[in-house]
Amino acid sequence: MSAQKFQVVYLLLVTFFLVSQSTANRCVYRGPCKVDGDCKKICTFRGDDPNYLSCLTSPPLNGQCCCKHSNQENVV
């Protein structure tokens with residue numbers, strides 16, 4: 001019984017950690033772009049991290065900038 005309780009607690013902790021990580025900083029997809037440098041002009045909204053700009057060039061987000069955004073409440 002003790003091992004089962006440990007597994008349940010472990011599973012809850014892992015789930016909490018994954019959820020907190022997935023909601024902390026997310027990409028806001030904007031475009032169009034061809035190279036990472038294009039995203040410097042696109043990722044200029046309030047809350048965008050100017051140090052993390054990435055142009056996604058593979059499907060399904062061809063030509064979209066991943067603008068890392070720290071506050072999802074202000075996303076347009």
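The values are calculated or read from the model by the stated rules, or taken from the named source; none is laboratory data. As the structure is a computational prediction, the values presented were derived from the model and not from experiment. Glycine also receives a Cβ, built like all others from the backbone with ideal geometry; neighbour counts cover every protein chain displayed. The area values use the complete protein model at the heavy-atom level, side chains included, leaving out ligands, DNA and RNA. Shrake-Rupley method; radii C 1.70, N 1.55, O 1.52, S 1.80 Å.
Sort out which residues of region 57-72 are open to solvent by 50 Å² or more (accessible area, probe 1.4 Å) and without any contact (Cβ under 8 Å) to a residue 40 or more places away in the chain, and write them in order of number. Correct list: THR57, SER58, PRO59, PRO60, LEU61, ASN62, GLN64, ASN71.
PHE17 meets all of the listed conditions (1) open to solvent by 90 Å² or more (accessible area, probe 1.4 Å); (2) modelled with pLDDT of 70 or more but one, namely (2).
Restricting attention to region 26-55 and to residues that are more than 14 Å from the chain's Cα centre (by Cα) and aliphatic (A, V, I, L, M), the residue that is surrounded by the fewest Cβ atoms within 10 Å (Cβ to Cβ) turns out to be VAL35.
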